[in-house]
1. In segment 259-305, what residues are of a type in the set (S, T, N, Q) and not in a helix (DSSP H, G or I)?
2. Regarding I329, is this residue more than 14 Å from the chain's Cα centre (by Cα) and more than 16 Å from A207 (Cβ to Cβ)?
3. Going by the structure shown, is A131 surrounded by fewer than 24 Cβ atoms within 10 Å (Cβ to Cβ) and in contact with a Leu (Cβ under 9 Å, 6 or more places away or on another chain)?
4. Of these, L373, L367, L323, which one is within 30 Å of Q234 (Cα to Cα) and either within 16 Å of the chain's Cα centre (by Cα) or among the hydrophobic types (A, V, I, L, M, F, W, C) (or both)?
5. Let me spell it out: the conditions are (1) within 16 Å of Y133 (Cα to Cα); (2) surrounded by fewer than 17 Cβ atoms within 10 Å (Cβ to Cβ); (3) of a type outside the set (D, E), and I312 meets all of them except one. Which number is the exception?
6. Return the residues of segment 358-373 that are within 16 Å of L287 (Cβ to Cβ) and either assigned to a helix (DSSP H, G or I) or at pLDDT below 95 (or both); say none if nothing qualifies.
7. Suppose the filter is in a helix (DSSP H, G or I), in contact with a Phe, Trp or Tyr (Cβ under 8 Å, 6 or more places away or on another chain) and aromatic (F, W, Y); does Y332 pass it?
8. Any idea which residue in segment 137-167 is modelled with the highest pLDDT, counting only those that are crowded, with 23+ Cβ neighbours inside 10 Å and polar (S, T, N, Q)?
Amino acid sequence: MPKNIWILVTAMVVNTTGASFLWPLITIYMHNHLGKSLAFAGLILMFSNAASIVGNLIGGTLFDKYSAYKTLLYGAGIVLSASTVLIFYNDILPFALCLIFINFGSGITWPIMFALAGSVWPEGGRRSFNALYVGNNLGVALGATFGGLIASISFQYIFIANVLFFIAFLGIVIFTFKVMDQKSDPQMNTNVIEQRSKIEERAPFIALLILCIGFFVVTMTYAQWGSTIAAYTQDIGIPLEQYSILWAINGFLIVVGQPLIKWITNVVKSEKVHLYIGHSIFILSVLVALFAKDFTMFAVAMIIITIGEMLIWPAIPALAYRLAPKGKIGFYQGIVNSVGAAGRMTGPLLGGFIVDYFNIQLLFYILVGILFLPFITTAIFDRGLKKENQVG
């Protein structure tokens, strides 16, 4: 890979490691330490992920129209400021407000990272996005591995670790991204309002929206692992350290499992088939979690869903990149990241209400049912494109 991709991957690892000290434990912190219900915790996560959606759209648009470097500085600065405040004030109100600002700043940076990956190495195709995806999950593995151990001592140390890693991320941006920004191709031209009058550019946008409907369902399902399932593991007596190990398994498996994924993608070239396989694996993981009563079974369910995730997560931004008209790369990546944030936003809230007023078994049955929708959206999303331009 080119040097700039390695820089992006390094920045992603540092940024995600810092974030992963906290985000897998947010629901547990609000539910077990601040005494809030799962529905209330889901509501806070909804607002924070809504802020992430706004940040995604702003970040993607500014990449297309302004400067990736300066926009990354703004996003990273917001995250660092909010994380610093969290060290000193972490009751429910300041915690919720800081979480919202952290997600807003992170939302700005994410689409820019992925848009830069496609822009500085356009011939890399899926490899560019998969490299960032692996870097992200290496950060998840490192953060989750140590996060549970640190939190078992004091959550205050978690907040401090956040700040230290976000300082390191900001430093990488300051010293390396300015040159990369000058080499990238932001492809400034039309905005989304102008595109509405151009029939030839409306079809890929509609295709992206259809594709993202299925992605929304998948991310909403996946979000249960950081919210309702997280609290459920505590209720049935699984220690906090073991719950964090689940995320360490997730992250490290994604890193070491790349040869398997590379073999699959070499044998099966179509991203649409990757999505079909990934969706099937997601259903299997939910069925295993439905009957899980101890750490071992939850670990099996996590391993299964991770394999599905490894097929789905890189395929979506890669398809979005191929669908994007000239000048809309950042905007399309912003849409993808916003849909992911929307799934993470609504998943904990809906899951929290179902578990609070019914039980987690009903939630699992509902998840199995709605996971058939992505099969439909994957099959039809590119039907409106010309045959020579189809991306499936």
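The values are calculated or read from the model by the stated rules, or taken from the named source; none is laboratory data. Keep in mind that this is a model prediction, so the values were computed, not measured. When we count neighbours, we look across all protein chains shown, and the Cβ atoms used for this are built from the backbone with ideal geometry, even at glycine.
1. Quick first cut of segment 259-305, residues of a type in the set (S, T, N, Q) only: 265-266, 270, 280, 285, 296.
Passing the criteria: only S270.
2. Working: more than 14 Å from the chain's Cα centre (by Cα): yes; more than 16 Å from A207 (Cβ to Cβ): no.
No; evaluated as a whole, the condition is false for this residue.
3. Values: surrounded by fewer than 24 Cβ atoms within 10 Å (Cβ to Cβ): yes; in contact with a Leu (Cβ under 9 Å, 6 or more places away or on another chain): yes.
Against the criterion (surrounded by fewer than 24 Cβ atoms within 10 Å (Cβ to Cβ) and in contact with a Leu (Cβ under 9 Å, 6 or more places away or on another chain)), A131 qualifies.
4. Details: L373 fails: within 30 Å of Q234 (Cα to Cα); L323 fails: within 30 Å of Q234 (Cα to Cα).
None of the others qualify; the one that does is L367.
5. Of everything listed in (1) within 16 Å of Y133 (Cα to Cα); (2) surrounded by fewer than 17 Cβ atoms within 10 Å (Cβ to Cβ); (3) of a type outside the set (D, E), I312 misses just condition (2).
6. Pass one, segment 358-373, residues within 16 Å of L287 (Cβ to Cβ): 360-372.
Of everything in segment 358-373, those that are within 16 Å of L287 (Cβ to Cβ) and either assigned to a helix (DSSP H, G or I) or at pLDDT below 95 (or both) turn out to be I360, Q361, L362, L363, F364, Y365, I366, L367, V368, G369, I370.
7. Criteria met by Y332.
8. N162
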